[in-house]
Amino acid sequence: MKGPDLLADRGLSELRREFKGERGDLIPVLQKVQEIHGYLRPEAIQSVSRWLKISENEIFGVATFYAQFRFHPPGRHHLRICLGTACHVRGGEQILLTAQERLGVATGETTGDGEYDLDRVACLGCCALAPVVAVDEKVHSQMSVLKIQGILDGHKKT
Ligand code: FES
């Protein structure tokens with residue numbers, strides 16, 4: 001199989017030093033690849049497949065099982081809507097629906113302009129401030145439909 005060896009390029013060669021190259025390394029290797037590139041590029045999956053001797057289909061099968069892996073480039077801003085119990089009972093679902101409608105994407109997707117990717121999370125660790133939304137590293141507390149609309153509109157103008 002031909003093609004660029006991304007494990008040799010783009011800073012991934014250190015993976016060969018860090019891992020033995022065994023089947024059991026698959027998940028941590030994919031995590032590292034995603035840490036470096038921001039997502040699992042098809043070329044990187046091809047390289048990992050050759051290195052670990054695991055078919056690309058099997059790697060895709062494993063990676064799609066875990067919500068942590070992404071298959072497209074991340075947006076410039078990462079919007080996370082909390083739907084843990086505390087946030088859910090205080091209207092988190094409505095906030096998520098509003099964000100989806102405003103951005104025109106489902107959870108796990110990135111907007112066409114590359115501005116946002118949208119995820120739902122189980123808990124952001126500040127339940128007393130529910131419902132909670134995080135834009136990149138900034139947590140917004142006591143969120144409402146109006147507030148999330150304001151945040152998204154504000155980001156558009158900048
Ligand atoms: S449930 Fe939302 S922050 Fe914990």
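Every number here is computed from the coordinates shown, using simple stated rules; none is lab data. What you are looking at is a predicted structure, and each value in this text was computed from that prediction instead of being measured. Positions of Cβ are backbone-derived with ideal geometry, glycine not excepted, and every protein chain shown enters the neighbour counts.
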Fill in: Spherically averaged projected area of the chain from its Cα convex hull (nm²)
10.6
Item to complete: Enumerate lysine pairs in the chain that are 8 or more residues apart or on different chains, then count those whose Cα atoms are under 24 Å apart.
Response: 11
Worksheet entry | Value of Rg/Rh across segment 72-158 [Cα atoms, Kirkwood radius] | 0.94
Practice prompt. Would you calculate a helix-derived [θ] at 222 nm for the chain, using -39,500 (n - 2.57) for each DSSP H run of n ≥ 4 and dividing by the full residue count, to the nearest 500?
Written response: -13000 deg cm²/dmol
Worksheet item: Considering only V132, G104, A122, whose Cα is most displaced toward the positive end of the charge dipole of segment 99-158, charges sitting on Cβ of Lys, Arg (+1) and Asp, Glu (-1)?
Response: V132
